[in-house]
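One structure is given below, encoded as structure tokens.
Laboratory data are not the source of any read-out in this text; all were calculated from the coordinates shown. Please read these numbers as outputs of a predicted model, since none were measured by experiment. Neighbour counts are summed over all protein chains in view; Cβ atoms, including those assigned to glycine, are modelled from backbone coordinates with ideal geometry.
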Amino acid sequence: MTRSSQAVAYRQPSVLRSAADGRHLGLETSRGATPAGVEDHPRFFAGFLTSPQVAAAGLLAVADVAAARYYQPQLRASLDPVVTGNGDRLRFESFSGCGGVYARLDVLGPGLDGGEVGHGTTNVDVNNPLREALSRLGSDDPLHLRVGPEELAVTTLDGPVVEKKVPLPDRWLRGFAEAQVIAAGFELRAELPADEAVRFLRSLPRGGTARRGSPGPRWVVP
């Protein structure tokens, strides 16, 4: 698997802050594509999440996949999720460092309460302190989400204060395009309420690989 090095720059780290009117989650963006062309730090949304705990858990799951290497689990990846503003939703996506696992979280219109959702795609900073803060989010207190810079008009001559250089698998980029093509042909076959989905996932057997005499592929049926 070929690799290239990618530099991802942010104005500041993403952070979850407490304020008098609730929690404020600021997700910082890097250089990305928009309908108006390439922007250094595009802004896609500013408003409230209607289901803060669910959205936080989903974002953590996407970030965990970006930080994992399932092919060589002893090695950690350091990739950042990708965020896309689609006008009617915010989509967070990631591939694992080995390119074998894909994760996606769509926050649809009913999950967003605030301004309009912009259009474009870029990386979003999900750092370790932010992960810890999101994992401790234990109530449905109001959670304000900002995807992009605090002030659109603010520019600095010093440049970004946070820069990450990560080894990026070339197929990681191709995988996003392939995933969109495959997903376009999906048809909804079943839906599970959140509590039932959690019970189902927790009931799945853990560990084991086929090469050591344990069961191979497993099929899930109703």
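Structural remarks
- Taking 33, 56, 20 in turn, the Gaussian network model of the chain (Cα-Cα springs below 10 Å) assigns the largest fluctuation to 20.
- Residue-span extension gain [residue 196 to residue 171] - 0.36 nm each, minus C-alpha spacing: 5.6 nm
- Residue 61-residue 186 FRET efficiency (beta carbon distance; Förster radius 30 Å; 0.05 resolution): 0.95
- Of the DSSP H helices in the chain, none is both long (alpha-carbon extent of 30 Å or more along the helix axis) and hydrophobic (Kyte-Doolittle mean at least 1.6).
- Length-normalised contact order of the range 1-149 in % [C-alpha pairs under 8 Å, at least 6 apart]: 36 percent
- Once the trypsin sites (Lys or Arg not before Pro) in DSSP loops with at most 16 neighbouring Cβ atoms within 10 Å are cut out of the chain, the longest remaining piece is 77-135.
- Computed on the range 57-102, with alpha-carbon pairs under 8 angstrom and 6+ residues apart, the relative contact order is 41 percent.
- Net +/- balance of residues flanking residue 13 in space, Cβ distance below 14 Å, scoring K and R +1, D and E -1: -1
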